[in-house]
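Asks: Please see the structure below; I have some questions.
The values are calculated or read from the model by the stated rules, or taken from the named source; none is laboratory data. On a predicted model such as this, the values are computed, not experimentally measured, just so you know. Using ideal geometry, Cβ is built from the backbone for each residue, glycine included, and neighbour counts are taken over all protein chains shown. The area values use the complete protein model at the heavy-atom level, side chains included, leaving out ligands, DNA and RNA. Shrake-Rupley method; radii C 1.70, N 1.55, O 1.52, S 1.80 Å.
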Amino acid sequence: MNKNIQDFTEFLHNQLNEEQKQAVLLPSGPLLVVAGAGSGKTRVITARIANLILNQGAIPSAIIALTFTNKAAQEMQHRIAYFLGNVPEKPFIGTFHSYCLRFLKKYQEHLTTPFFSILDEDDQQKIITGIIKRNGLTKKVTAKQLSYHISLMKNQSINPEETTELRHDHFMYEVFKAYEAEKRASKCLDFDDLMLEAVKLLKKNKGLLASVHASIEHVLVDEYQDTNIVQNELLKLFTLTDTQELAIKSICVVGDEDQSIYSWRGATVTNILNFKKEFKDTTIIKIEQNYRSVQPILEAANQIIIHNEQRNPKNLWSTRQGSDRVLVLACSSEYQEADAITSLLKAITHEQKLETAAVLYRAHYQSRAIEEALIKRSIPYRIIGGIQFYERKEIKDLLAYLRLVVNPFDRTSFFRVINCPQRGLGQAFEEIFYDRWHAEPFMNFIDIAARLCTESIVQGKKAESLRSFLNIFDRLNPSDRPSIILEVILKKTGYLNYLKENFDEQEAESKIDNVKEFMQGILHFESQQITTVGTFLEEVALLQEKIAQSKKEETHSVVLMTLHAAKGLEFDHVAIVGLNEDLLPSARSAHDPDGMEEERRLLYVGITRARERLVLSYARNRHTYGQMTEYIPSRFLREIPSSLFTRHDLGYTHQEQLDMIFKQWIGSHKVERPPIMTFGLKSNTLTPNATPAKPAEHSCTWKKNQPVTHPQFGVGIIQEIELKKNGKVYVTANFKTGTKKIESSFIKPV
């Protein structure tokens, strides 16, 4: 252990800035660490745990560290292992759900209703589906919609027995009761119950609460801005007495209210804002030094976020200087915006790999124009947290309808849509239809359907549903404009209502936006003289073929994703598109002050993903159902002082001119990687030294106690560094297999 203490002391001295040290070394009391984006919060929370054990004598099993994802928990566990070595006892580091499950199992005899298993999402929806069917509600609501609302109620600590102002009023109350009764009968809990049951248990059993307080010394919470009402209530029970005094030695929460962007799933920013009120004598430490981004990008982020009122004031800064790192692009349309992005990416490929760049947007449907521009210029891409536009279910459904207009022999398309939306034509019908079609291969789906009806093989309501399906295609001609045909299909099928009725509100809204964007894409093709359904489908097929081919041939690709999906990631180059009113901020937030602040936080998160360069773009006009609609630039752009960015009014700029603009911009300041001296799993953040030293001849970027990896020996810690006269560097590192002396080119930072 002495060796561990010595190594940790060196780490504290060499690898932490003053604010980080304060957060790590404070021994007791409530502590709020306001950790800005890219400021090394995980380093702080893991170093604090190590300090409590190594220097404060804390019992490892009396420490609880809570986070939100298994991935984050594993990263923290890995870092702690470096500090503690092979100690037999470890602190608990895991998610809220995993801790509560362990807690409930330990004290199961105190539960009113024991449980034996945990329902996953599929099991939960099966129970709700049964309730829907038994009560004849299949046309009114879906299991997914109900499970979302039940989960949201639980995360907001809403008790239907006591609340009358529910979204579905009496209906929702009855469904909730039936769901809870089914769970109790099955002796199961769902994931939301794990925290609720823990809260109930601690509230009703004072003796148990006292023993819990006696067994816990320190509680730490990562990403505190993402906690919901129940999680916050649980934390207060674990750590406070009835008189609101601290019942344990310390509670430390680490977070950044400026990155609170998950209100739609129950997170409430007020938890972190009210922490100092709920926990007396709270020490607040702000960590504002950023190790990710160059200073101009941080200044832009700071200038935007200061307009929010619900925040702890802070000012991100970096020792990494730069100039001309932020571009604002004024585009004539979303198509020129997409062309500008492709020019940017082409310029980047001259200097770096495509995966160092990301294109971010507010909503999934915005990817359509960008995807098509990327495909045309053979730029490979992948979508994170979503799927490519023409692969989305709703788009494939509508394409199948269009294909049947052109090719009534298309069996795949027929069976995709015959029961979408639902027409009561189930599996048995499809088997009959398939067998008849197989026996009569020269007939199309219209002929087969007519035969099945006239021969009374299909009768009653099924025959009516089949005739209604055939009516969709009545008088539709392959030579018609695809936009006209799509309008007919949407109207006769009621497809948009189908989406509203079969998906939860947020997902349905996203899918409807995709359908609208699909119509816009068709109208764009028509403006390019692609005016029949057949030629349109051919163009789409070519796009899909190019996508498939690029997947096979390219290993490197640019990343496309929503701003929500970008949380926790970072890239050298970030382009945020669609900075228009009603897009970012969204139209829904226009009359909601809290919603507007969250939209601003969303942009702030996007900006702080960028390490080297940032592009913000908007379009003066966007196409809406074939008409050019004028769009106003986002109010957020006006919040950035003009001195912090270079603005290009692209107007009628041609592709060649766009290429030149970005080639000159990228080439004017090539990315030079700073020394990588981080502790932990990621290798893309700087060591928090106050000022980077000027590189001397044969300078060495390795540091003592730095974790490294070797292809044969695995992960190790540097113990000694030798700089030879010929410029080569040799390091002595401790690996699991023993101590090795290695030339530094054979190792990589962890």
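Asks: Within the range 241-268, which residues are over 29 Å from the mean Cα position of the chain (by Cα), open to solvent by 10 Å² or more (accessible area, probe 1.4 Å) and not acidic (Asp, Glu)?
Replies: Listed by number, the residues that qualify are 241, 243, 244, 246, 247, 248, 249.
Asks: For the range 343-367: of the residues being of a type in the set (Val, Ile, Thr) and touching a residue at least 60 places away in the same chain (Cβ under 8 Å), which is surrounded by the fewest Cβ atoms within 10 Å (Cβ to Cβ)?
Replies: 356
Asks: Can you tell me which condition residue 98 does not meet? The list is (1) farther than 28 Å from residue 708 by Cβ; (2) within 20 Å of the chain's Cα centre (by Cα); (3) at pLDDT below 90, and all the others hold.
Replies: (2)
Asks: Hey, residue 468 hits all of (1) touching a residue at least 40 places away in the same chain (Cβ under 8 Å); (2) open to solvent by less than 50 Å² (accessible area, probe 1.4 Å); (3) closer than 30 Å to residue 141 by Cα but one; which does it fall short on?
Replies: The one condition residue 468 does not meet is (2).
Asks: Kindly establish whether residue 128 is part of a helix (DSSP H, G or I), free of Cβ contacts under 8 Å to residues at least 60 places away in the same chain and either in contact with a helix residue (DSSP H, G or I) (Cβ under 7 Å, 6 or more places away or on another chain) or over 18 Å from residue 221 (Cα atoms) (or both).
Replies: It is true that residue 128 is part of a helix (DSSP H, G or I), free of Cβ contacts under 8 Å to residues at least 60 places away in the same chain and either in contact with a helix residue (DSSP H, G or I) (Cβ under 7 Å, 6 or more places away or on another chain) or over 18 Å from residue 221 (Cα atoms) (or both).
Asks: For the range 535-558, enumerate the residues that are at pLDDT 85 or above and crowded, with 18+ Cβ neighbours inside 10 Å.
Replies: 536, 537, 557, 558
Asks: Something else now. Scan the range 271-282 and give yes if some residue there is touching an Asp or Glu at 6+ places or on another chain (Cβ under 7 Å), open to solvent by 10 Å² or more (accessible area, probe 1.4 Å) and under 30 Å from residue 326 (Cα atoms), otherwise no.
Replies: no
Asks: Which numbered condition in (1) at pLDDT 90 or above; (2) open to solvent by less than 20 Å² (accessible area, probe 1.4 Å) is the only one that residue 312 fails?
Replies: (1)
Asks: From the residues in the range 422-435 that are surrounded by fewer than 18 Cβ atoms within 10 Å (Cβ to Cβ) and within 19 Å of residue 460 (Cα to Cα), which one is nearest to the chain's Cα centre (by Cα)? So that I can check it myself, show each step before the final result.
Replies: Going residue by residue through the range 422-435, those that are surrounded by fewer than 18 Cβ atoms within 10 Å (Cβ to Cβ) are 422, 424, 426-428, 430-432, 434-435.
If we keep only those that are within 19 Å of residue 460 (Cα to Cα) too, we end up with 422, 424, 426-428, 430-432.
Numbers: 422: 32, 424: 37, 426: 36, 427: 37, 428: 40, 430: 39, 431: 41, 432: 44 Å.
Among those residues, the one meeting the criterion is 422.
Asks: Right, next: More than 26 Å from the chain's Cα centre (by Cα), more than 30 Å from residue 507 (Cα to Cα) and at pLDDT below 85, is that true of residue 135?
Replies: no
Asks: For residues that are open to solvent by 50 Å² or more (accessible area, probe 1.4 Å) and modelled with pLDDT of 85 or more, scanning just the range 403-414, find the one that is farthest from residue 479 (Cα to Cα).
Replies: 409
Asks: Continuing with this model, one more query. Among the helices (runs of 4 or more DSSP H) lying completely within the range 559-670, list those that include at least 3 residues that are open to solvent by 40 Å² or more (accessible area, probe 1.4 Å), free of Cβ contacts under 8 Å to residues at least 24 places away in the same chain and under 21 Å from residue 327 (Cβ atoms).
Replies: Numbers: elements: 593-607, 635-638, 655-668.
It comes to 655-668.
Asks: Give me the pairs: first residue in the range 213-231 and at positive phi, second residue outside any loop (DSSP other than H, G, I, E, B) and open to solvent by less than 20 Å² (accessible area, probe 1.4 Å), beta-carbon distance under 8 Å, and six or more apart or on different chains, which are they?
Replies: Correct list of pairs: 223/67; 223/254; 223/255.
Asks: Which residues, counting only those in the range 319-335, are closer than 24 Å to residue 644 by Cα, in contact (Cβ under 8 Å) with a residue 40 or more places away in the chain and not in a strand (DSSP E or B)?
Replies: Matches in the range 319-335: 319, 320, 322, 323, 324, 325, 332.
Asks: Wholly within the range 453-539, which helices (runs of 4 or more DSSP H) include no fewer than the required count, namely at least 3 residues that are under 20 Å from residue 408 (Cα atoms) and among the hydrophobic types (A, V, I, L, M, F, W, C)?
Replies: Details: elements: 460-472, 482-493, 495-502, 505-527.
In the range 453-539, the matching helices (runs of 4 or more DSSP H) lie at 460-472, 482-493.
Asks: If you check 394, 355, 372, 351, which single one turns out to be in a loop (DSSP other than H, G, I, E, B), under 30 Å from residue 617 (Cα atoms) and of a type in the set (D, E, K, R)?
Replies: Among 394, 355, 372, 351, only 351 is in a loop (DSSP other than H, G, I, E, B), under 30 Å from residue 617 (Cα atoms) and of a type in the set (D, E, K, R).
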